[in-house]
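Since every read-out is calculated from the coordinates, none of them should be taken as a lab result. The shown structure was predicted, so the numbers you read here are calculated from the model rather than taken from an experiment. All Cβ positions, even for glycine, are placed from backbone atoms using ideal geometry, and neighbour counts span all protein chains on display.
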Amino acid sequence: MITVHFIDAKGRRVTVEAKPGDSVLDVAHANDIDIEGACEGCMACSTCHVIVPDPWFDRLPEPKEEEEDMLDLAFDLQETSRLGCQILLTEELDGIEFHLPRATRNLLIG
């Protein structure tokens, strides 16, 4: 199992366990972490936006161009922002932490 830490905008930390291969979005949903994921992980929104602190950010694979395009629409975008649906957990990421942005912007809801 992989230990994952989520820190919300108020600094509250929730630590959960996940299986290798799980996406951060799926782990958040399975543990009632407040990450929306309006498009259900098909990379059509930015509501699963997470901020990955250094040095964890450098351990992740480079984002694809489609992910970068969706991140441009995210609220509270940081240099180390990623979409949770695109991060698959591996043993090397044991202990990783993700900061949740102050808010999300859901462009799917008109």
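Quick notes
- Fewest-first sequence of 1, 70 by Cβ atoms within 10 Å of each Cβ: 1, 70
- Whether the stretch 56-104 is rounded, prolate or oblate, judged on the alpha carbon gyration tensor where a/c under 1.5 counts as rounded: oblate
- For the chain, the relative contact order comes to 40 percent (Cα pairs under 8 Å, sequence separation of at least 6).
- Debye, to nearest 20: dipole size of the stretch 1-76, +1 on Lys, Arg Cβ, -1 on Asp, Glu Cβ: 480
- Shape of the stretch 1-104, Cα gyration tensor, a/c cut at 1.5: rounded
- Among 10, 19, the ranking by other beta carbons within 10 Å of each residue's beta carbon, starting with the fewest, stands as 10, 19.
- For residue 97, the amide hydrogen comes within under 5 Å of the amide hydrogens of 5, counting only partners 5 or more places away or on other chains and with H modelled in the peptide plane.
- 3J(HN,Hα) couplings calculated from phi for the stretch 73-90 with the Karplus curve 6.51 cos²θ - 1.76 cosθ + 1.60 (θ = phi - 60°) are, in sequence order, 8, 6, 7, 6, 4, 10, 4, 10, 6, 9, 8, x, 5, 9, 9, 9, 6, 10 Hz; Gly and Pro show x.
- Local electrostatic count, residue 27, Cβ distance below 10 Å [Lys/Arg +1, Asp/Glu -1]: -2
- Rough spin-label spacing in nm, given labels placed 7 Å along Cα→Cβ, for residue 79 and residue 34: 2.8
- Proxy reagent accessibility, fewest Cβ within 10 Å first, across 5, 99: 5, 99
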